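One structure is given below, encoded as structure tokens.
The values are calculated or read from the model by the stated rules, or taken from the named source; none is laboratory data. Because the structure is predicted, anything quoted here is derived from the model rather than measured. Because the Cβ atoms are built from the backbone with ideal geometry, glycine has one as well, and the counts that use them run over all protein chains shown. Please note that ligands, DNA and RNA were not included when accessible areas were found on the heavy atoms of the full protein model with its side chains. Shrake-Rupley method; radii C 1.70, N 1.55, O 1.52, S 1.80 Å.
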Amino acid sequence: MSADAGPERIGVTGHIHLTGDTEVLVADALRAELHRIGDRPVRGVTCLAGGTDQIFARTVLDLGGTYEVILPARDYRDAVIAPGQRASFDELLDRAVAVVHTGHDRSGTAAFVAANRELVRRVQRLVAVWDGEPGCHAASTDRTIERARRRGIPVSVLWPAGARRTQPGAH
């Protein structure tokens with residue numbers, strides 16, 4: 001990218017349900033990866049889901065970058081974001097430099113696939129926080145990685161030593 005082309009657009013995909021200790025490990029790994037990619041602030045692209053996406057948004061801000069959000073559906077906040085996480089979601093959404101809607105009204109696989117496709121379409125690079133386990137639906141992390149690779153987009157897969165996922169609903 002030339003110096004006047006603006007910041008590199010880096011998308012994120014990854015697991016939602018992470019242990020508290022893993023969230024710290026992931027933040028450190030994302031910070032290190034963004035430094036490895038370049039010394040200029042980036043333009044992140046995220047769907048702002050819990051876990052990886054929100055950690056990424058905060059890391060991008062901490063490093064002086066900006067991010068845009070792709071909302072999968074109009075009901076995404078209320079249908080998907082846990083009540084205890086909505087204040088954090090709202091704060092991060094307010095700090096986005098752009099918010100893009102997929103056009104879907106209701107959250108679900110079709111909306112999530114559309115959001116992931118839009119994310120991949122907008123980025124020059126993808127960072128994935130993924131434990132290597134295949135997903136069970138069309139919008140899973142591994143499918144987003146595959147889509148990016150098919151388009152020739154460089155993908156960095158991060159899964160820090162000691163990282164663990166929780167089960168949905170686990171605290």
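For the chain, a Gaussian network of Cα nodes joined below 10 Å ranks Ala87, Ala110, Ala49 by mean-square fluctuation, and the top entry is Ala87.
Specify whether the C-alpha gyration tensor of the chain places it in the rounded, prolate or oblate class, a ≥ b ≥ c being the square roots of the eigenvalues: rounded for a/c under 1.5, otherwise prolate if a/b is larger than b/c and oblate if not. Rounded.
Of the solvent-accessible surface of the chain, computed with a 1.4 Å probe and all protein chains present, 48% belongs to carbon and sulfur.
Per residue, the accessible area of the chain comes to 50 Å², computed with a 1.4 Å probe over protein heavy atoms only. Membrane-span-like helices in the chain, defined here as complete DSSP H runs extending at least 18 Å along the helix axis by their C-alpha atoms with mean Kyte-Doolittle hydropathy no lower than -1.0, are 20-37, 109-122; this is a sequence and geometry rule, not a statement about a membrane. When the chain is treated as a GNM with alpha-carbon contacts under 10 Å, the residue of Ser140, Ser88, Ser156 showing the greatest mean-square fluctuation is Ser88.
Near Gly51, within a Cβ-to-Cβ distance under 14 Å, what is the net charge of the other residues, with Lys and Arg +1 and Asp and Glu -1? Net of charged neighbours comes to -1. Is segment 36-88 rounded, prolate or oblate when judged by the Cα gyration tensor, a ≥ b ≥ c being the square roots of its eigenvalues, rounded requiring a/c under 1.5 and prolate requiring a/b larger than b/c? In terms of gyration-tensor shape, prolate.
Classification of segment 58-130 by its C-alpha gyration tensor yields an oblate form. The axis ratio a/c (a ≥ b ≥ c) is 1.5 or more, and b/c is at least a/b. Below 13 angstrom from the Cβ of Asp62, what's the summed charge of the other residues (Lys, Arg +1; Asp, Glu -1)? It works out to a net charge of +2.
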